[in-house]
1. Out of everything in the stretch 70-94 that is of a type in the set (S, T, N, Q) and within 24 Å of Lys234 (Cβ to Cβ), what residue ends up being surrounded by the most Cβ atoms within 10 Å (Cβ to Cβ)?
2. So which pairs qualify, if the first residue must be in the stretch 211-238 and more than 22 Å from Ser50 (Cβ to Cβ), the second must be among the basic types (Lys, Arg) and not in a strand (DSSP E or B), the Cβ gap must be under 8 Å, and the two must be at least 6 apart or on different chains?
3. Need at least 2 residues that are at pLDDT 85 or above and farther than 19 Å from Glu117 by Cβ per element, so show me which strands (runs of 3 or more DSSP E) inside the stretch 133-201 make the cut, counting only ones lying wholly within it.
4. Cβ contacts < 8 Å: first residue at pLDDT 75 or above, restricted to the stretch 1-27; second residue acidic (Asp, Glu) and surrounded by 11 or more Cβ atoms within 10 Å (Cβ to Cβ), any location; separation 6+ or different chain. Result?
5. Under 30 Å from Val105 (Cα atoms) and assigned to a loop (DSSP other than H, G, I, E, B): is that true of Glu225 in this structure?
Amino acid sequence: MAIGQSPSRPAFDVASVRPGTPPPGGALAPLREDINTSSGTLTMRNVKLSTCIRWAYKLNVYEISAPDWMDSTRYDIIAKPAQPSTEDQLRLMLQSLLDERFRLVAHRQPKSVSGYELVAGKDQTPKLQPAEGGGEGSMTGSGALVFEGHKMPLSRLTDIVSSALKVPVRDGTGLAGFYDFKLDLRPYIAPLQPGDPPRDPADLVIPALRDQLGLKLEPRKLTLEVLVVDTAEKTPTEN
């Protein structure tokens, strides 16, 4: 399915697109991307074009296939609608901006990707606390190392794990209902020695799921729909 302009899709009243300006800070500061939607205005600082597309279409990192330059070239975008707008409306407006200013042409297609299936651990009973009521539930925690879910379906747990590992995760537990759970990654952090490669999040998440929740991640080939970028202009049209 092709992605293109829609006459019913809203657009920003005013939008500025300029080369990205790295934020001040330490050695990792130039890699940081900032997205803010306060006051109904979209402000994106030092963002990659792939990030803009993912935010506009609510995509995970594994749900887009794009040219390499889209993961390196940075932009600052400040875009204001004619009236205060919701985040979902701002996403639609950003879709219009990508079409108009970057001449984005893309389509959706199924793709087989490497991922995981979440299942009950072998010879283990899942260590999950059933919760009365429920819905989307809520998350609390400490930074990016402790996650506490309250009244959540396991589909939300797979979303959290997928976000941490940056690969798709499918719920194969067969467990319905809502649960309370806690996942603490801190006991699995080993000190890095000089010359060691960066820590793989899977080395923390997989044993934590096994030991603390009685769940297991099994590697799978999963088919999902991805957004394939056909063409886009590196230099956007003028403001």
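1. Restricting to residues being of a type in the set (S, T, N, Q) and within 24 Å of Lys234 (Cβ to Cβ), the top hit is Thr73.
2. These pairs meet every condition: Gln212/Lys127; Leu213/Lys127; Gly214/Lys127; Lys216/Lys122; Lys216/Arg210.
3. Working: elements: 138-142, 146-152, 169-171, 179-184.
Ranges flagged: 146-152, 179-184.
4. Within 8 Å, the pairs are Ala11/Glu100; Ser16/Asp76; Val17/Asp76; Arg18/Asp76; Pro19/Asp76; Gly20/Asp76; Thr21/Asp76; Pro23/Asp34.
5. On the way: under 30 Å from Val105 (Cα atoms): yes; assigned to a loop (DSSP other than H, G, I, E, B): no.
It is false that Glu225 is under 30 Å from Val105 (Cα atoms) and assigned to a loop (DSSP other than H, G, I, E, B).
Yes/no per residue for (1) charged (D, E, K, R); (2) modelled with pLDDT of 95 or more; (3) farther than 15 Å from Ala11 by Cβ:
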residue	(1), (2), (3)
Lys58	yes, no, yes
Ile64	no, no, yes
Ala82	no, no, no
Glu87	yes, no, yes
Met93	no, yes, no
Phe102	no, yes, no
Ser112	no, no, yes
Gly121	no, no, yes
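The values are calculated or read from the model by the stated rules, or taken from the named source; none is laboratory data. Please read all numbers here as calculations on a predicted model, not as lab measurements. Cβ atoms come from the backbone with ideal geometry, glycine included; neighbour counts cover every protein chain shown.
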